[in-house]
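Chemist: Just passing along the structure, written as structure tokens.
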Amino acid sequence: MLEEAKSFIKTMYNELNYDKERIVDRLKEIETDIQATGTYDHTTEELSYGAKMAWRNSNRCIGRFFWESLTVADARHIQNEDEFIHAIEQHIQIATNNGKIKPYITIFSKDNPPQIYNNQLIRYAGYDDCGDPSEIKVTQLAQHLGWQGEHTDFDVLPLIYKMPNGTMNYYAYPSSLIKEVPIRHHRFPKLEALGLKWYAVPIISSMDLKIGGITYPTAPFNGWYMVNEIAVRNFTDTYRYNLLESVADAFEFDTLRNNSFNKDRALVELNDAVYQSFKNEGVSIVDHVTASKQFERFELNESKQGRDVTGKWSWLAPSLSPTLVSNYHHGYNNEIKEPNFFYKKAETKGCPFH
């Protein structure tokens, strides 16, 4: 922990142009705390800058150009259930920002945090015959706790959580809190009949945040959507909503034979529909070509600062027309730097209900 703390503090304080004496004093404080207690606490400034650095180091994220704009909510003091629910609702409200999405993270205690069992704070339920197949297990957990949805394709799941020393519980969000976008196409009116929609803000809640040797297990965070995350992956992946045929029907494409290229046309038109629908509702979203241009600017900025950009190519190359963007045409070093976000290890023992 001490070595990781030293690496983080030196990097952060040097980037912020603090004098060497301040760095030495802070490192002495941290070393004393670790020797006495086995751990140390970040200052509010360290927590905030560390979270921003974690975004900057996120190899799978194409939106890192905006890393410095992240708003950090320090919720490390929260142990009360009402305060926890309020912090979650406040995150959703501030991040949604009436559609002008704000990058936002809420960081709870490192030692005794509330636990969140959702993959994202907002997600649609999955049933055997409808909804999002990737959320079936979480939906079953919510039902076990007493929640019942309307059994549609787009039931917003409740927040599933456990307070320190408490029992697992759920909280159903007020509908007014969750901004959703109905998906329409200006040239293909039949698409509206499918009743497609998607929520405005993707708030990841299933990853650990690690800063300077300290792990924060509960730190939900968000940016905004890139259009093909919804139109290609969520709507048409065969293990998700698997809507390619239904969408092609609505577009009146008469065949989906491979050599007709109608599968490609359907994807392009669906991306257009999602993008225009979000824009018409005043909700922030970015197309894949613009996002890639922004990533080029991020790479240039990092180069000027003498920092190497790491990345996972398969995530940075967009899922629609990837050869149109520069990051398709060269590889990336996938080294994991810290601070960073890490997927939680799967639980291999014990019952999630008890």
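Chemist: Being out of contact with any strand residue (DSSP E or B) (no Cβ under 6 Å at 6 or more places or on another chain) and farther than 19 Å from residue 92 by Cβ is the filter here; which residues of the range 164-175 pass it?
Modeler: Answer for the range 164-175, where residues must be out of contact with any strand residue (DSSP E or B) (no Cβ under 6 Å at 6 or more places or on another chain) and farther than 19 Å from residue 92 by Cβ: 164, 165, 166, 167.
Chemist: Continuing with the same structure: Scanning for something under 30 Å from residue 95 (Cα atoms), exposed (fewer than 15 other Cβ atoms within 10 Å of the Cβ) and at pLDDT 95 or above, does the range 243-261 turn up at least one residue?
Modeler: no
Chemist: Considering each residue of the range 153-168, count those that are free of Cβ contacts under 8 Å to residues at least 60 places away in the same chain, under 24 Å from the mean Cα position of the chain (by Cα) and within 21 Å of residue 218 (Cβ to Cβ), and give that number. So that I can check it myself, show each step before the final result.
Modeler: To start, the set of residues in the range 153-168 that are free of Cβ contacts under 8 Å to residues at least 60 places away in the same chain comprises 154-158, 160, 162, 165, 167.
Next, only the ones that are under 24 Å from the mean Cα position of the chain (by Cα) stay: 154-158, 160, 162.
Then keep just the ones that are within 21 Å of residue 218 (Cβ to Cβ); that gives 156-158, 160, 162.
Of the residues in the range 153-168, 5 are free of Cβ contacts under 8 Å to residues at least 60 places away in the same chain, under 24 Å from the mean Cα position of the chain (by Cα) and within 21 Å of residue 218 (Cβ to Cβ).
Chemist: Still on this model: Taking the options 213, 195, name whichever one is buried (at least 18 other Cβ atoms within 10 Å of the Cβ) and either in contact (Cβ under 8 Å) with a residue 40 or more places away in the chain or among the aliphatic types (A, V, I, L, M) (or both). Working first, answer last.
Modeler: Numbers: 195 fails: buried (at least 18 other Cβ atoms within 10 Å of the Cβ).
Only one candidate qualifies: 213.
Chemist: Quickly run through the range 249-261 and pick out the residues that are under 27 Å from residue 316 (Cα atoms) and in a helix (DSSP H, G or I). Spell out how you get there, then give the answer.
Modeler: First pass over the range 249-261, keeping only residues under 27 Å from residue 316 (Cα atoms): 258, 261.
Matches in the range 249-261: 258 only.
Chemist: Read through the list (1) in a strand (DSSP E or B); (2) buried (at least 16 other Cβ atoms within 10 Å of the Cβ); (3) not acidic (Asp, Glu), then give the number of the only condition that residue 173 fails.
Modeler: Single failed check for residue 173: (1).
Chemist: Next question, about the same structure. Listed residues 345, 279, 293; which is basic (Lys, Arg), surrounded by fewer than 17 Cβ atoms within 10 Å (Cβ to Cβ) and in a loop (DSSP other than H, G, I, E, B)?
Modeler: Working: 279 fails: in a loop (DSSP other than H, G, I, E, B); 293 fails: in a loop (DSSP other than H, G, I, E, B).
None of the others qualify; the one that does is 345.
Chemist: Next up: List the pairs whose first member sits in the range 123-152 and is without any contact (Cβ under 8 Å) to a residue 60 or more places away in the chain and outside any loop (DSSP other than H, G, I, E, B), whose second member is polar (S, T, N, Q) and surrounded by 14 or more Cβ atoms within 10 Å (Cβ to Cβ), and whose Cβ atoms are under 7 Å apart, counting only residues at least 6 apart or on separate chains?
Modeler: Correct list of pairs: 126/134; 126/139; 138/118; 138/119.
Chemist: Go through 232, 201 for me and flag whichever is closer than 25 Å to residue 290 by Cα and either not hydrophobic (A, V, I, L, M, F, W, C) or not in a loop (DSSP other than H, G, I, E, B) (or both). First the steps, then the outcome.
Modeler: Numbers: 201 fails: either not hydrophobic (A, V, I, L, M, F, W, C) or not in a loop (DSSP other than H, G, I, E, B) (or both).
It is 232.
Listed here are the residues, each with its yes/no results for (1) at positive phi; (2) at pLDDT 95 or above; (3) under 21 Å from the mean Cα position of the chain (by Cα); (4) surrounded by 11 or more Cβ atoms within 10 Å (Cβ to Cβ).
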{"residue": "300", "(1), (2), (3), (4)": "no, yes, no, yes"}
{"residue": "306", "(1), (2), (3), (4)": "yes, yes, no, no"}
{"residue": "315", "(1), (2), (3), (4)": "no, no, yes, yes"}
{"residue": "319", "(1), (2), (3), (4)": "no, no, yes, yes"}
{"residue": "328", "(1), (2), (3), (4)": "no, no, no, yes"}
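Chemist: Another question about this same structure. Give all pairs with beta carbons closer than 8 Å in which a residue from the range 292-321 that is within 26 Å of residue 234 (Cβ to Cβ) meets a residue that is in a loop (DSSP other than H, G, I, E, B) and hydroxyl-bearing (Ser, Thr, Tyr); count only pairs at least 6 apart in sequence or on separate chains.
Modeler: 311/332; 312/332; 313/332; 316/332
Chemist: Within the range 78-112, track down each residue that is over 27 Å from residue 40 (Cα atoms) and among the basic types (Lys, Arg).
Modeler: Within the range 78-112, 100, 102 meet the criteria.
Chemist: Name the single residue, out of those in the range 217-257 being more than 17 Å from the chain's Cα centre (by Cα) and basic (Lys, Arg), that is farthest from residue 155 (Cα to Cα).
Modeler: Within the range 217-257, the match that is farthest from residue 155 (Cα to Cα) is 257.
Chemist: Please enumerate the residues belonging to the range 1-42 that are part of a loop (DSSP other than H, G, I, E, B) and loosely packed, with under 12 Cβ neighbours inside 10 Å.
Modeler: Kept after step one, since they are part of a loop (DSSP other than H, G, I, E, B), are these residues of the range 1-42: 1, 16-19, 38-42.
Of everything in the range 1-42, those that are part of a loop (DSSP other than H, G, I, E, B) and loosely packed, with under 12 Cβ neighbours inside 10 Å turn out to be 16, 17, 19, 38.
Chemist: Does the range 205-215 contain any residue that is touching a Gly at 6+ places or on another chain (Cβ under 9 Å) and in a loop (DSSP other than H, G, I, E, B)?
Modeler: yes
Chemist: From (1) exposed (fewer than 15 other Cβ atoms within 10 Å of the Cβ); (2) at positive phi, pick out the condition that doesn't hold for residue 45.
Modeler: (2)
The values are calculated or read from the model by the stated rules, or taken from the named source; none is laboratory data. As the structure is a prediction and not an experimental result, all values here were calculated from the model. Here the Cβ is made from the backbone with ideal geometry for all residues, glycine too, and neighbour counts use every protein chain on show.
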